[in-house]
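The values are calculated or read from the model by the stated rules, or taken from the named source; none is laboratory data. Everything numeric in this text was worked out from a predicted model, so none of it was measured. Here the Cβ positions follow ideal geometry from the backbone for every residue, glycine too, while neighbour counts run over all protein chains shown. For the accessible areas, the whole protein counts, side chains as well, though only heavy atoms, and no ligand, DNA or RNA atoms are used. Shrake-Rupley method; radii C 1.70, N 1.55, O 1.52, S 1.80 Å.
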Amino acid sequence: MDEQEIEGRLYNLQDPKIVPDSIFDNYAAVGKNNIPIVIDNGSYQCRVGWASENHPEPTMVFKNLIAKPRKERGKKEGDIQIGNSITNIEAVRLQLRSQFDRDVVVHFEAQEQVFDHIFSHLGIESEGKINHPIVLTESFLNPNHSRNLMSELLFECYGVPSVSYGVDALFSWCQESPGYTSRDSLVIRLGQHCTHVLPVLNGSVVAEHSRRINLGGIHITSFFHRLMQLKNPLLAPAISLSRAEEILFNHCRISDTFYDDLARWEAVDYQKKNVMIIQLPFTAAPVPTTASLLSLEQQQQRRRDLAKRLADMNARKREERLAEDEETLSRMLSIQEMWDDGDNNDLQQALEEFDLSNRQELNKAISNLKARIKKTKSKILAVMNTTMEDTQETPSAKNEVKTSKLLQELPMPNDANDMGNWIAELKQKRQSLLEKRVARRQKKQDMAKRRTVAAQERMRIISQLAKKDKREDNFGMKDEDWDVYKAIQKDGGDSDSEEESERLAELEEILGRYAPELNMAQEQQLMPLFTCIPEKYQFALGTELIRVPELLFQPSMLGHEQGGIAETIEYVLKKFSQDEQHRLVNDIYITGGSSKFPGLLPRLHKEVMEMRPFHSKFNIRRSSCPSLSAWYGARELALNPEWLRASSITKSMYDEFGGEYLATHSASNPYWQNVALAMDCSQQEVVEEMF
């Protein structure tokens, strides 16, 4: 692939920085009027704000996730992080929790922590209760049990004056549909965990003909994430779920002719033109120079310093052990004196402290302790003498030893004419060591690839060793078998040994002294060994650009035994008469965060045209802001005091009708009373009539 074509399709992936939510500092202006709080409690994001003309945008938008760090031994329990407080979500991916299970709130302990986070960051100053009406979203056909626990949490724990429940998709539809109270529409909601198809006639949702697809944005993102990791195993740790989500919603699209587009990808020219190269973030390693490389003398000095630090640590440990032993010995000698004096009051307790039972064990423990103290003192004295000898050694003696070691194998010639040949021989030996090191590293890289000659040779040797027709398995009995092991091991032979590194350092030190012109060439040879190449952190996207979003129309690609959006729409429409079908398809409304894929509207237009009669008319529109339209719709309705009063559940209604009760409206779920509860109420009425 040409470099210009790659650069034209190159996308530098940037990890966005998450800013923690700030505390609302203007609560005094809204707290006096008891302005309603609108909470779009989505399974992906939570949007929170005030239903006020002065606050047209949500105050808080954060991921509806909770991270509880693991408690380490000996440390206090870490603080719980919620939403944007989780600045590095991948670092705590395994500790993440959510209050949702398939779009339904089931973990109310986590939901309570989210509410605490919301009310504290809204700056609410009232103690003991929240003096603001709550407008809260819930899932479509939310179970009565879940609503009961949610009402109990809000009324009993927070003391809110009233709660109004509504469906996020219907709130969004009301906000962008003038005259919604008498309007007909087919609402399609593409959410994080599921997809809903909701028919609305005369402003009311027909729940019995609504359908749900158990596939949403999280399934598409997880499929794309795993697909990229399988295609690029060497970059699997760098391809995180957050990065996969960013790539998916920024570059993938829905094709209106899926199989035709797949056929086009077979052409090489089409691949070169349309492939997408993703550049992962990486940190370039600093390139070392000859000035930054340690000489042999510096390496030896570093080893001596390290050895000195270790010796000092051992000396401190010996001194501490010696002090402990001496203290223990003094206490045992005092016990011996108590035994001799016949003081039996504290004698038994003192013996139990050292797990001793008689005089013989006490004498044996004292003798062993004295021997150990004597041995420790002798070790300390020997180390002190060795340190003094090393200090008294003259630098000239060290230089003589070093010089003799450097020039033992390659003595410097006395004749100036032979100096050039001597330097050339040194250069040749140094170049030979460098070539061996580069070849070893190249072989290690080739071993990681399946189709290289080195990898195929390794597999050939392994297959010969694994033959079942061998009469005797005597592999390993000969010294030559070690060469076979070195040939097939993953790193491709021995690693850089310490002896080889020291020899290379000696050669470079001598050449640096007698051939300074080598420094520039040495730096150029070090460049490919240490430079971080950006191409190593790149991977290509081909058919995945259209294949992954196709799951919305073909869930069977992921193993789901359900129809896609098009099949579900056709199934729902068949539940109605021809006249009602025409009224529904005249306004197909799409909302939800997963509806942002480019190409969704043309694909749906094509699918609906195929299922509708010839020359029939229909209209498809998408929300102007799929992620926030539900909050906007709930806020717009909450601005009307009459609507808020008619659609809310008060504390007295909660006490009278129970937590499952729901005040219905155009954007709410239908309310069905539990059969058991209805039977209990009817029996209670009969009893009251009898008495």
With respect to Asn399, determine if the residue is in a loop (DSSP other than H, G, I, E, B), under 30 Å from Ala505 (Cβ atoms) and at pLDDT below 80. no
Within the stretch 193-224, tally of residues that are open to solvent by 30 Å² or more (accessible area, probe 1.4 Å), assigned to a helix (DSSP H, G or I) and over 27 Å from Asn586 (Cβ atoms): 4
Under 7 Å between Cβ atoms, which residue pairs at least 6 apart in sequence (or on different chains) link something in the stretch 160-187 that is free of Cβ contacts under 8 Å to residues at least 60 places away in the same chain with a partner that is of a type in the set (S, T, N, Q) and surrounded by fewer than 18 Cβ atoms within 10 Å (Cβ to Cβ)? Ser182/Asn202
Could you grab me the full set of residues in the stretch 280-307 that are open to solvent by less than 80 Å² (accessible area, probe 1.4 Å), of a type in the set (A, V, I, L, M) and either modelled with pLDDT under 90 or part of a helix (DSSP H, G or I) (or both)? Ala284, Ala285, Val287, Leu293, Leu294, Leu296, Ala307
What single numbered condition from (1) open to solvent by 60 Å² or more (accessible area, probe 1.4 Å); (2) in contact with a helix residue (DSSP H, G or I) (Cβ under 7 Å, 6 or more places away or on another chain); (3) of a type in the set (Asp, Glu); (4) at pLDDT below 90 fails to hold for Asp256? (4)
Give the residue, chosen from Ile247, Ile277, Ile335, that is at pLDDT 80 or above and not in a helix (DSSP H, G or I). Ile277
Quickly run through the stretch 632-665 and pick out the residues that are farther than 29 Å from Glu57 by Cα and under 40 Å from the mean Cα position of the chain (by Cα). Gly659, Glu660, Tyr661
Considering only residues that are over 35 Å from the mean Cα position of the chain (by Cα) and either open to solvent by less than 10 Å² (accessible area, probe 1.4 Å) or of a type in the set (A, V, I, L, M) (or both), which ones fall in the stretch 175-189? Ser177, Ser185, Leu186
Among helices (runs of 4 or more DSSP H) entirely within the stretch 558-661, at least 1 residues that are touching a residue at least 60 places away in the same chain (Cβ under 8 Å) and among the hydrophobic types (A, V, I, L, M, F, W, C) occur in 565-573, 578-585, 600-611, 629-638, 641-646
The stretch 143-192 - residue that is part of a helix (DSSP H, G or I) and among the hydroxyl-bearing types (Ser, Thr, Tyr) and, of those, farthest from Leu600 (Cα to Cα): Ser151
Which pairs turn up if I take residues in the stretch 41-70 that are farther than 20 Å from Asn131 by Cβ and open to solvent by less than 10 Å² (accessible area, probe 1.4 Å) and look for partners that are among the charged types (D, E, K, R) and in a strand (DSSP E or B) with beta carbon separation below 7 Å, at least 6 apart in sequence or on another chain? Cys46/Asp40; Ile66/Arg97
For residues that are touching a His at 6+ places or on another chain (Cβ under 8 Å) and among the basic types (Lys, Arg), tally how many sit in the stretch 544-600. 1
Of all residues making up the stretch 225-249, the number that are open to solvent by 60 Å² or more (accessible area, probe 1.4 Å) and without any contact (Cβ under 8 Å) to a residue 40 or more places away in the chain: 4
